[in-house]
Amino acid sequence: MTESQLVPGWYPIAASSGVARRKPIGVKRFGEALVLWRADDGRVVCMRDRCSHRSAALSAGKIRDGRLECPYHGLRFDASGRCVLIPANGIGAPVPEGFDLAVLNVREQHGIIWYWHGDGEPAREVPWIPGASEPGVGAAEYWYDASAPYLRIVENVLDFHHFPILHRLMIPGIGTRMDEMDAHLEDNVVVFSATMRYEKPGALRRDARIKARYALPSIALIEFGGFYVNYFLTPIDDTHTWVFARYRGTKIRGWLSKASMRFSKRIAGRRHWGMIRRRLPLGENRSENLTRYAASGILSEIIRDTPGRSIVMPWI
Ligand code: FES
Ligand SMILES: [Fe+2]
């Protein structure tokens, strides 16, 4: 991974609903294969997805008696990473040194598993945006692996200019001209807003106000017409990103959230990220600015130095 582009922090790596009680799952984040599983008390455990014996993928294993069992020779690991059984040596036989696994820092909050990416122990709490959607009634969520680099997607969720064009089918009825733009800071959250206008107004051509909030390193909340879309983003590797979306509508029922979500997923899969992928690589156009301002930590400095002041989105 190109680490210089990533700020240390808690990154979302899985949906709570995606980590079942009986089966481990394997994910790739930050270029590394990880296994997630639930201990008997429901706690999520995260380890590298590599057995200490002959490197088998533990995510292909099973959970037995509250322990993670390797699918190859059946070594079992408890929630602290300790190897507690080597079946070939017999039940009750002492386990020699060198078989324990490191347990990585994860937390489960807001229906999401968060992973600490940075040196040492976690230095702060799991981030959140006021008003972001919790799981539950009226909310719908989905996730997928997008074939586009992380910074490209961060850039995209803050980019209103493409909404009336690329999302013409998904969010019909917004004009293409952007007006009344504002970007400012509310605590550690960057708040963007703009009005989308039609060049020629008409009865069905109303102005649309869009607002987005973004918190480092990877939470975005987009608000439009009583509809809230949260995006949580984490690099899979240099060219792929895990995208977790949670939709909630204040004026519509949960089923409409779900229908919209399915539609959005199809659009996203087929056109959206493909479009981003086809653009120039990072560093060869304006995304250079995004690297400098939004993701390298300089934005944090702006946040520290100018609380409450208006800022200019540097990449527009
Ligand atoms: S590789 Fe896991 S038990 Fe042998
Ligand atoms: Fe989009």
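The values are calculated or read from the model by the stated rules, or taken from the named source; none is laboratory data. All values derive from a computational prediction rather than experimental measurement. Heads up, the Cβs are rebuilt from the backbone with ideal geometry, glycines too, and the neighbour counts pull from every protein chain shown.
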Set 124, 177: member being of a type in the set (Lys, Arg), away from ligand 1 (no atom under 16 Å from the Cβ) and within 19 Å of residue 213 (Cβ to Cβ): 124
Flag if residue 78 is of a type outside the set (Phe, Trp, Tyr), surrounded by 19 or more Cβ atoms within 10 Å (Cβ to Cβ), at pLDDT 95 or above and closer than 17 Å to residue 115 by Cα: no
Some residue of the stretch 155-172 being within 16 Å of ligand 2 (Cβ to nearest atom), part of a strand (DSSP E or B) and over 27 Å from residue 17 (Cα atoms): no
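Across the stretch 133-154, what is the total count of residues that are assigned to a loop (DSSP other than H, G, I, E, B) and among the acidic types (Asp, Glu)? Give the steps one after another, and end with the answer.
Residues of the stretch 133-154 assigned to a loop (DSSP other than H, G, I, E, B): 133-138, 147-149.
Retained after the next criterion (residues that are among the acidic types (Asp, Glu)): 134.
Residues meeting the conditions: 1.
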Test: residue in the stretch 118-125 that is surrounded by 14 or more Cβ atoms within 10 Å (Cβ to Cβ), within 16 Å of ligand 2 (Cβ to nearest atom) and assigned to a loop (DSSP other than H, G, I, E, B): no
Selection status of residue 79, within 30 Å of residue 241 (Cα to Cα) and part of a loop (DSSP other than H, G, I, E, B): yes
